[in-house]
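Right, one structure below, let's go through it.
The values are calculated or read from the model by the stated rules, or taken from the named source; none is laboratory data. Just so it is clear, the model here is predicted, and its values are computed rather than measured. Positions of Cβ are generated from backbone atoms using ideal geometry, with glycine treated the same way; all protein chains shown enter the neighbour counts.
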Amino acid sequence: MERRELLKMIAAATGAAMIGLPAFVYGQAPVANGTTVFSEAEVAKLDEIAETILPRTKTPGAKDAGVGLFMAQFVSDCYTPEYRTVFRKGLADIDKRAGGDFMSLTPQARTDLLRVLDAEAGKQRNATEVATGGANPASVKLHYFAMIKQLVLFGFFTSKVGATQVLHYVAVPGRYDGNVAYEPGTPAWATN
């Protein structure tokens, strides 16, 4: 799967273009071990949110891929101050809705809360698209949970863990085969 296809898939799943992408595309992607505007506790919370969205099953989960740190670095390096503020207020809202601390919730309560937020994000996106006629995607105001979900998907499926242990991966593709038989349940390809 090419990066463009992945980004299209994330946009389709979350219903909006990914914030911060222009900076990423033009070579300003987060730097590994870079500094972030997030504390270790916030990165741990991002890891737990990501793990709730993409939990470990027979395959690795978001925590195994270090998605929390990726999210913190991406937001710090690629989001505008306006979007960074929306993102941080969103994390505070998640804690508020969790009764003070998302980390203290049971796994089922975490899932229930994130499902509610996902539904709200979808309603907000749909209402904005109706109001604007859907003509200008840049005018769609993203719900903070849509931002979180985009980063979880992007961070996981572009990580080494996601690309090699969840998706099919061939480091150096061999010959081109334009007619590969599909076997139901087979994961998507990470390389093309």
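A few points about this structure:
- In region 144-165, the qualifying residues are those that are over 8 Å from the mean Cα position of the chain (by Cα) and of a type in the set (Val, Ile, Thr), and the one that is surrounded by the fewest Cβ atoms within 10 Å (Cβ to Cβ) is 164.
- Close pairs from region 94-114: first over 17 Å from residue 143 (Cβ atoms) and assigned to a helix (DSSP H, G or I), partner at pLDDT 95 or above and among the β-branched types (Val, Ile, Thr), Cβ under 8 Å, at least 6 apart: 107/52; 110/49; 110/52; 111/52
- In region 137-155, the residues that are at pLDDT below 90 and among the hydrophobic types (A, V, I, L, M, F, W, C): 138, 140, 142
Matching residues to (1) under 18 Å from residue 154 (Cα atoms); (2) exposed (fewer than 15 other Cβ atoms within 10 Å of the Cβ); (3) hydroxyl-bearing (Ser, Thr, Tyr); (4) in contact (Cβ under 8 Å) with a residue 60 or more places away in the chain:
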position: 41; (1), (2), (3), (4): no, yes, no, no
position: 50; (1), (2), (3), (4): yes, no, no, yes
position: 59; (1), (2), (3), (4): yes, yes, yes, yes
position: 74; (1), (2), (3), (4): yes, no, no, yes
